[in-house]
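Step one of this worksheet: look at the structure below.
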Amino acid sequence: MASIKDVAAEAGVSVATVSRVLNDHPSVSADARTRVRAAVQALGYRPNAVARSLRTDTTRTLGLVISDVLNPYFTELARSVEEEARALGYSVVIGNADERPDLQDHHVATLLDRRIDGLLVSPTDGGSPLMLDAARAGTPMVFVDRWIPGVDVPVVRSDGRAAVRDLVAHLHGLGHRRLAIIAGPAATTTGRERVEAFREALGAYGLELPDAYIGQGDFQAESGRRVTEGFLDLPEPPEAVFAADNLMALGALDAVRARGMRVPRDVALAAFDDIPWFVHTDPPVTAIAQPTGALGRAAVRALVDRIEGRTPRSVTLPARLVVRRSCGEPAPPQSPSPVRRSTT
């Protein structure tokens with residue numbers, strides 16, 4: 001039996017466009033409408049009653065497409081989304097994009113083909129035609145953590161620029177001058193923004209960010225390991241490495257240890273996206289913490305506002321620097337041992 005995705009492929013349009021034609025949405029061009037109807041007839045497609053009710057009924061269900069369920073940041077984000085949605089009377093269906101645009105679009109298409117009331121998405125890139133079509137068609141949608149510039153969709157995110165400035169000031173105060181960054185994908189807003197913030201913060205101290213000190217990662221641990229190995233092979237390696245997410249920081253830590261080196265004795269290490277594990281590493285990792293739970297809750301409230309006919313607002317919350325001991329910070333003073341009084 002043909003599916004709505006089969007119809008979309010036959011007609012050369014998106015699943016969202018097929019859904020709009022089937023629901024008589026006025027925003028579809030005459031040409032696209034003709035091609036969809038021809039594909040429906042050629043394939044013998046019978047619209048699912050569930051899919052047909054997408055715009056005419058509510059199911060109290062939200063879709064959430066996150067970038068990487070193995071990343072502790074997104075795991076915590078998903079948990080806060082689910083908890084807030086449940087408190088407001090909604091259920092959540094989660095799709096894991098695994099930092100792959102094709103898998104992201106697969107989940108978005110599947111959710112659009114089901115009885116969901118709205119979508120929360122953390123985009124893996126900025127050029128998904130499917131999400132652009134869905135946004136233009138009026139699908140209730142909110143971007144969380146990442147966003148697609150120019151798309152008229154509320155965005156709930158944190159602003160890490162001030163925290164990055166605090167980090168660079170902290171590293172400078174510890175005597176570090178050669179600072180490098182393991183960057184996230186340039187196709188993501190967070191990947192670009194963190195490099196820009198780091199460069200600007202270095203400039204305030206008269207420091208440059210040479211190309212050799214910018215390593216291209218992909219928000220995965222293996223890329224952090226690979227980039228750090230490249231840094232350590234340089235004739236003049238950096239004194240401090242800033243990983244633009246937690247998984248890349250763990251990969252960097254592995255690379256340093258594999259060389260028989262130690263953090264921070266041989267190279268300092270800091271990370272964006274604090275996680276509970278960082279207090280248990282040796283040494284504990286200095287990191288920039290995002291208000292993850294608050295972001296998830298705010299994203300759900302914005303989406304529910306949109307679904308229920310209210311005007312949602314974009315929300316930006318500040319990140320903060322959490323200082324530990326991976327950058328050469330002095331060890332906290334030891335509490336004196338209690339003096340035992342001898343008795344005779």
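If you project the alpha carbons of the range 232-288 onto their three principal axes, what span does each projection cover, largest first, in Å?
Reported extents, whole Å, longest axis first: 34, 19, 15.
State, to one decimal in nm², a quarter of the convex hull surface area for the C-alpha atoms of the range 105-157, i.e. the direction-averaged projected area.
Mean projected area of the Cα convex hull: 3.3 nm².
What nm value, rounded to one decimal, do you get for the distance between Leu43 and Arg313 when each label is placed 7 Å out toward the C-beta?
Here the modelled spin labels are 4.3 nm apart.
Given points 7 Å out from each Cα along the Cα-Cβ axis, report the Asp254 to Arg114 separation in nanometres with one decimal.
My value for the distance between the label points is 3.2 nm.
Can you give the percent of C-alpha pairs in the range 154-222 whose distance is more than 20 Å?
30 percent
Heavy atoms of the protein only, probe of 1.4 Å, neighbouring chains included. What is the accessible area of Asp31 in Å², nearest 10?
Around 90 Å² of this residue is reachable by solvent.
If eta is 1.306 mPa s and T is 10 °C, what Stokes-Einstein diffusion coefficient results for the range 96-253, Kirkwood Rh from Cα pairs, in µm²/s?
Using the Kirkwood radius from Cα pairs, D works out to 93 µm²/s.
Exactly which chymotrypsin sites (Phe, Trp or Tyr not before Pro) in the range 157-254 are in a DSSP loop and have at most 15 other Cβ atoms within 10 Å?
Passing both the DSSP loop test and the Cβ count: Tyr205.
Given the options Gly175, Thr190, Tyr205, identify the residue whose Cα lies farthest towards the positive end of the charge dipole of the range 167-217 (+1 on Cβ of Lys, Arg; -1 on Cβ of Asp, Glu).
It is Gly175.
Can you give me the solvent accessible area of Ser80 with a 1.4 Å probe, rounded to the nearest 10 Å²?
Probe radius 1.4 Å; accessible area of Ser80 about 10 Å².
FRET efficiency for Ala2 and Ala331, Cβ-Cβ distance as r, R0 = 56 Å, nearest 0.05?
So, using R0 = 56 Å, E works out to roughly 0.25.
Round to the nearest 10 and report in Å² the accessible area of His170, as given by a 1.4 Å probe over the protein chains' heavy atoms.
For His170, the solvent-accessible surface is approximately 40 Å².
Using only alpha carbon positions, build the gyration tensor of the range 179-307, then give the equivalent ellipsoid semi-axes as the square roots of 5 times its eigenvalues, largest first, whole angstrom.
Taking √(5λ) for each Cα gyration eigenvalue gives 28, 18, 13 Å.
Estimate the FRET efficiency between Leu103 and Ala30 by the formula 1/(1 + (r/R0)^6), using the beta-carbon distance for r and 41 Å for R0, to the nearest 0.05.
Efficiency, rounded to the nearest 0.05: 0.80.
If you roll a 1.4 Å probe over the range 221-344 with all protein chains in place, what percent of the accessible area is carbon or sulfur?
It is 51 percent, rounded to a whole number.
Give, in nm to one decimal, the length gained when the segment between Leu174 and Ala87 is fully stretched (0.36 nm per residue of separation minus the Cα-Cα distance).
My answer for the length gained is 26.8 nm.
Using 0.36 nm per residue, how much length does the chain from Leu70 to Arg262 gain when fully extended, once their Cα-Cα distance is taken away?
Full extension of this stretch gives 66.5 nm more.
Just grab the label-to-label distance for Ala186 and Asp159, each label 7 Å out from Cα along the Cβ direction, in nm (one decimal).
Inter-label distance under the simple model: 2.7 nm.
Please give the charge dipole size of the chain, origin at the Cα centre, charges +1 on K and R Cβ atoms and -1 on D and E Cβ atoms. Round to the nearest 20 debye.
840 debye
Quick check on the chain: helices-only [θ] at 222 nm, where DSSP H runs of length 4 and up contribute -39,500 (n - 2.57) each and the sum goes over total residues. Nearest 500, please.
After summing the helix terms and dividing by residue count, I get -12500 deg cm²/dmol.
Go from 0 up to the bin containing the longest alpha carbon distance in the range 261-337, width 5 Å each, and give me the % of pairs per bin.
The percentages, shortest bin first, are 3, 14, 17, 14, 12, 10, 9, 7, 6, 4, 2, 1, 0.
Taking the Cα centre as origin and putting +1 on Lys and Arg beta-carbons and -1 on Asp and Glu beta-carbons, what dipole magnitude results for the range 125-242, to the nearest 20 debye?
In total the dipole reaches around 200 debye.
Say a site is exposed when it is one of the trypsin sites (Lys or Arg not before Pro), sits in a DSSP loop, and has at most 11 other Cβ atoms within 10 Å; what is then the longest site-free stretch of the chain?
1-264
What whole-number distance in Å separates the alpha-carbon centres of the range 58-87 and the range 228-290?
Comparing the Cα centres of the range 58-87 and the range 228-290, I get a distance of 29 Å.
Can you put Ser3, Ser19 in order of accessible area, largest first, using a 1.4 Å probe?
Greatest to least solvent exposure: Ser3, Ser19.
What is the extension gain from Asp282 to Tyr205, computed as 0.36 nm multiplied by their sequence separation minus the C-alpha to C-alpha distance, in nm to one decimal?
Length gained between Asp282 and Tyr205: 24.8 nm.
The values are calculated or read from the model by the stated rules, or taken from the named source; none is laboratory data. What you see is a predicted model; the values in this text were computed from it and never measured. FYI the Cβ positions are ideal-geometry reconstructions off the backbone, even for glycines, and counts take in every protein chain you see. Please note that ligands, DNA and RNA were not included when accessible areas were found on the heavy atoms of the full protein model with its side chains. Shrake-Rupley method; radii C 1.70, N 1.55, O 1.52, S 1.80 Å.
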